[in-house]
Amino acid sequence: MIEFTHAYKIYPGPTHAIKDVSLKINKGEFVFLTGPSGSGKTTLFRLLSAYDRASSGRVSVMDFDLAKITKKQIPFFRRRIGVVYQEFRLLKHKTIFENVSLPLEIRGDSARAIRARTEEILAEVGLLHKTNETPEHLSGGEQQRVAIARALVHRPGLLVADEHTGNLDPTLSNEIIKLFEKINALGTTVFVATHDYSLVGKYKRRTIEIQNGSMVRAS
Ligand SMILES: Nc1ncnc2c1ncn2[C@@H]1O[C@H](COP(=O)(O)OP(=O)(O)O)[C@@H](O)[C@H]1O
Ligand SMILES: [Mg+2]
């Protein structure tokens, strides 16, 4: 499902954001990515969601070789994954419904199918009552749940969530992990980055740890 082979990401300046990372995640796994702030978690997620290219080495996700993916192929690749960004990236002037349903609109689903599925996923994240609000009227935790709903609405084969607990209180953060576990049980591969070691300790899932861009734990 995901394979990094000796991948490096070097930003201008002396920063090696990712150093010689090799890892493999199989279809159906639930994996945490942990490490302190600045260790390279977001960079690793940017590489595997084709927002950035590795400086060297190989990154492949679902049969796509991301070193060679063309601009034209990227939208097709993205349709098969769901990404929760650390900074949400919601459209400010659109309603919650419009934000969440966007992947289905792009895919060309019928209006009726779009409504049914969007309401279903909004109910799952506990936000059905906010359907017609715009993001600025929501708390940070609510915006995060909108981002999660948008990442899941098209039932992706892979969900990548970057620091999704950052703005959630512990109860909600547990609820969201339970939702991730549920979609994982239905077959979606889940890869979750968090600097919260207590969360990782609690769920006892496979954990990949990076420090200063290098992998220090892969089990
Ligand atoms: N666009 C960028 N340009 C230069 N350096 C960057 C850029 N993005 C991240 N970095 C650097 O790469 C390292 C890893 O950052 P990041 O992947 O955001 O870590 P994390 O998500 O674990 O907090 C940090 O030292 C950071 O400052
Ligand atoms: Mg980060």
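Each value in this text was obtained by applying a stated rule to the coordinates, not by laboratory testing. These numbers were taken from a predicted model, which means no experiment stands behind them. Quick reminder, even Gly has a Cβ in these numbers, built from the backbone with ideal geometry, and neighbours come from all protein chains shown.
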In degrees rounded to 10, the 0-90 angle between helix 96-107 Cα long axis and the longest Cα principal axis of the chain is 70 degrees
The lysines whose Cα lies under 25 Å from the Cα of K94, excluding any fewer than 8 residues away in the same chain, are K130
Which of H195, H154, H129 fluctuates most in a GNM of the chain (C-alpha springs under 10 Å)? That residue is H129
Scalar couplings 3J(HN,Hα) for the range 56-66 by Karplus 6.51 cos²θ - 1.76 cosθ + 1.60 (θ = phi - 60°), nearest whole Hz, x for Gly and Pro, are 7, x, 10, 10, 10, 9, 6, 6, 9, 8, 6
The long-range amide H neighbours of I18, using H built 1.01 Å from N in the peptide plane and a cut-off of under 5 Å, are K9
Low-density loop chymotrypsin sites (Phe, Trp or Tyr not before Pro), the range 54-125, at most 16 other Cβ within 10 Å, DSSP non-H/G/I/E/B, are none
Summed over the other residues with a beta carbon less than 10 angstrom from that of D109, with K and R at +1 and D and E at -1, the charge totals +3
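Please state the shape class of the chain: rounded when a/c is under 1.5, otherwise prolate if a/b exceeds b/c and oblate if not, all from the C-alpha gyration tensor.
Numbers: a/c = 1.76, a/b = 1.41, b/c = 1.24.
Here the chain falls in the prolate category.
Counting only DSSP beta bridges with both residues in the chain, tell me the antiparallel percent, nearest 5. Don't skip to the end; give the middle numbers.
Values: 16 of 34 bridges.
Rounded to the nearest five, the antiparallel share is 45 percent.
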Restricting to lysines and to Cα separations under 16 Å from K178, and discarding same-chain partners fewer than 8 apart, the set is K202, K204
For K19, counting only lysines whose alpha-carbon sits under 19 Å away and dropping same-chain residues fewer than eight positions off, the answer is K9, K41
Counting sequence-distant residues (5 or more places) and residues on other chains, those with an amide H built under 5 Å from that of L159 are G82, T189, V190, F191
Residues whose modelled amide H sits under 5 Å from the amide H of A218, counting only those 5 or more places away in sequence or on another chain, are E209
Per GNM of the chain with C-alpha springs under 10 angstrom, the most fluctuating residue out of I148, I74, I25 is I74
